[in-house]
Amino acid sequence: MQKRHIPITVVVCLLLAVALAGYLLPATAQKLPVRILFHNNGGRVIFSHLRHHRNYEIACVQCHHETKTEHDRQQAAKAEPVPCGSCHPASFDQDYIAEHVNSFPDKSYCVKCHHAEFGELAFDHEAHKEYAFDDCQACHHGPDIEDEPGHCNQCHDLAGDEYMPSLRDAAHKRCATCHDDMFDKGIKGCSPCHRMKDMTNYSGSYTPCQQCHRTPNPDRELVLTRTNAFHDQCMNCHRDLQKGPYGENDCDKCHIR
Ligand code: HEC
Ligand code: HEC
Ligand code: HEC
Ligand code: HEC
Ligand code: HEC
Ligand code: HEC
Ligand code: HEC
Ligand code: HEC
Ligand code: HEC
Ligand code: HEC
């Protein structure tokens with residue numbers, strides 16, 4: 001009896017040792033690329049990755065900024081950082097929209113971009129009958145269009161067309177006659193009227209960015225595209241620290257032509 005227990009004990013001990021090592025090692029054994037080569041139209045760039053971290057003492061999170069919170073960092077310790085291009089593609093075109101959904105380790109990354117959805121409208125209808133002195137047509141149409149006042153979304157849809165303003169534009173036009181102060185605040189002025197949904201465990205479809213973001217300047221990117229993301233991250237840091245290449249004539253210090 002006793003002798004038969006010995007091999008089992010040895011095997012159990014070995015397994016325990018392997019499990020313990022497996023538990024302790026991954027954080028330190030994570031592969032850190034020494035150098036990274038970027039092929040691009042400006043000429044190859046060789047980026048001294050390890051040296052930037054170790055010699056220049058830059059924390060991972062300063063560059064891999066998807067891991068901003070403590071929870072994110074614990075996640076990231078298990079998984080490798082996401083390539084910048086998963087979030088900063090050459091362009092936000094149909095290919096990106098189709099493919100990006102599968103380029104993240106888990107759903108916690110989605111909220112970095114799909115960060116907001118509107119819930120209920122915070123609108124006190126009864127109170128507004130008073131504010132508008134019982135003039136229903138301060139907001140509703142007259143009987144030529146509406147037999148009786150009703151929900152705007154019965155007729156106005158999200159897209160709108162040349163004859164019918166979208167739900168957003170229709171409602172905003174009416175509200176703005178008295179609340180232009182809220183709209184003057186731009187994207188930060190939505191909250192008095194729109195309650196935000198809690199996005200942490202959101203499941204449902206996503207509203208296109210443009211429904212909410214209508215930047216007066218269409219060239220302004222909500223999220224930077226690839227080259228701008230790299231140029232900004234690399235050169236802004238160099239400029240801030242006055243170290244490393246960032247000047248107009250420094251292109252060749254990064255690009256090998
Ligand atoms: C100075 C900026 C910078 C710092 C600091 C930095 N990285 Fe990176 N790292 C990058 C860039 C840029 C890439 C290339 C990403 C790409 O190809 O899209 C990269 C790529 C990687 C990759 C390869 C993943 C892939 O894209 O396939 C890993 C793994 C990685 N980094 C881990 C780390 C860890 C861990 C730390 C901290 C110990 C760290 N990095 C610090 C900028 C940095
Ligand atoms: C999980 C998605 C994600 C990944 C991965 C990611 N980014 Fe970003 N990045 C964003 C979003 C979203 C913004 C805009 C919102 C913000 O400012 O936080 C942004 C903003 C930026 C900005 C603007 C300034 C700033 O820091 O706010 C730069 C520069 C940038 N990213 C570079 C990079 C580089 C380089 C990498 C790879 C090392 C990278 N990003 C990886 C999502 C990501
Ligand atoms: C770097 C930013 C970014 C991240 C991170 C991101 N997305 Fe997106 N996603 C976009 C953009 C931009 C669009 C295009 C939206 C538009 O049409 O305005 C989009 C579109 C979509 C669409 C199509 C919506 C439609 O119009 O039909 C789905 C579905 C989607 N994303 C799911 C996800 C999921 C799931 C994740 C996480 C696993 C995720 N996305 C992470 C930026 C991002
Ligand atoms: C300040 C703008 C405004 C005024 C003034 C106003 N309404 Fe409305 N009303 C709305 C909006 C916006 C909705 C849609 C609300 C929603 O979808 O949650 C609505 C919805 C309705 C609805 C359908 C939903 C419900 O609450 O039953 C009725 C009926 C209605 N209004 C009647 C009236 C009448 C009658 C008056 C005048 C006494 C009036 N409203 C004055 C903005 C207004
Ligand atoms: C029964 C259908 C119907 C309902 C309900 C409806 N609309 Fe309209 N709306 C229309 C039509 C049709 C037009 C386009 C005809 C026109 O320009 O007069 C229009 C045009 C508009 C316009 C642009 C022209 C203008 O009058 O300034 C605004 C603003 C507008 N609607 C706001 C609203 C608001 C706010 C609500 C809800 C309180 C609402 N509508 C509910 C049918 C409707
Ligand atoms: C005829 C003028 C008038 C119109 C049109 C109007 N409002 Fe108001 N609204 C007021 C007044 C007056 C108040 C109370 C004073 C204040 O808080 O500004 C108010 C208050 C509010 C508040 C509370 C403000 C706060 O800071 O909490 C909300 C939300 C609101 N309105 C939403 C709307 C919406 C949505 C529409 C369009 C459907 C609308 N209002 C159209 C006059 C108007
Ligand atoms: C004064 C109140 C008010 C303010 C401020 C306001 N909205 Fe609205 N918004 C409305 C009303 C009312 C509707 C119509 C909702 C309905 O009838 O279902 C609406 C509808 C919308 C819609 C279409 C419906 C939906 O839920 O997707 C979008 C998108 C939208 N608003 C975006 C914004 C954004 C972005 C801001 C900030 C820049 C903003 N709104 C500020 C009152 C407001
Ligand atoms: C339902 C409405 C809504 C949708 C959809 C939405 N956003 Fe936003 N976004 C907002 C609001 C509201 C703010 C301002 C938050 C605040 O008050 O700081 C904002 C702020 C931002 C900012 C900060 C910079 C700025 O312009 O002030 C970025 C970047 C951003 N959104 C990107 C995106 C991207 C990318 C998408 C699509 C994948 C998206 N948003 C979809 C409502 C929305
Ligand atoms: C958060 C700050 C930071 C970021 C981000 C950063 N760098 Fe640097 N970089 C430095 C510092 C500090 C030095 C050291 C310069 C010195 O000591 O003279 C440096 C030096 C360099 C040098 C010259 C010496 C060497 O190590 O090769 C190059 C080339 C360089 N960086 C390229 C890049 C590229 C490419 C990126 C983006 C992928 C980048 N850097 C991102 C801080 C940064
Ligand atoms: C700090 C290093 C650095 C400096 C300085 C720098 N770049 Fe870049 N550049 C990069 C990186 C990293 C990329 C992105 C590589 C990738 O997309 O994989 C890039 C991308 C590019 C691209 C590629 C665009 C494309 O669509 O493929 C061009 C063109 C470019 N840079 C031109 C320049 C010019 C011109 C200058 C001087 C004004 C300059 N760069 C300075 C690092 C640098």
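Identify all residues within the range 143-196 that are outside any helix (DSSP H, G or I) and closer than 19 Å to Glu126 by Cα; write none if there are none.
Result: Glu148, Pro149, Gly150, His151, Pro192, Cys193, His194, Arg195.
Among the residues of the range 158-189, the ones that are open to solvent by 50 Å² or more (accessible area, probe 1.4 Å) and in contact with a Phe, Trp or Tyr (Cβ under 6 Å, 6 or more places away or on another chain) come to 0 in all. If you go through the range 111-132 and keep only what is touching a residue at least 24 places away in the same chain (Cβ under 8 Å) and part of a helix (DSSP H, G or I), you end up with Val111, Lys112, Tyr131. Checked against (1) loosely packed, with under 14 Cβ neighbours inside 10 Å; (2) over 19 Å from the mean Cα position of the chain (by Cα); (3) of a type in the set (D, E, K, R), Asp232 meets all criteria but (2). Being among the hydroxyl-bearing types (Ser, Thr, Tyr) and assigned to a helix (DSSP H, G or I): is that true of Thr227 here? For Thr227, the condition - among the hydroxyl-bearing types (Ser, Thr, Tyr) and assigned to a helix (DSSP H, G or I) - is met.
Scan His100, His88, His52 and give me the residue that is at pLDDT 95 or above, closer than 18 Å to Cys234 by Cβ and not in a loop (DSSP other than H, G, I, E, B).
After applying the criteria, what remains is His52.
Here Asn201, Asn249, Asn236 are screened, and the one residue that is within 16 Å of ligand 2 (Cβ to nearest atom), out of contact with any His (no Cβ under 7 Å at 6 or more places or on another chain) and either among the small types (Gly, Ala, Ser) or free of Cβ contacts under 8 Å to residues at least 24 places away in the same chain (or both) is Asn236.
The values are calculated or read from the model by the stated rules, or taken from the named source; none is laboratory data. Note that the structure is predicted; figures quoted are calculated from it, not measured. Positions of Cβ are backbone-derived with ideal geometry, glycine not excepted, and every protein chain shown enters the neighbour counts. All accessible areas refer to the heavy atoms of the entire protein, side chains included, with ligands and DNA or RNA removed. Shrake-Rupley method; radii C 1.70, N 1.55, O 1.52, S 1.80 Å.
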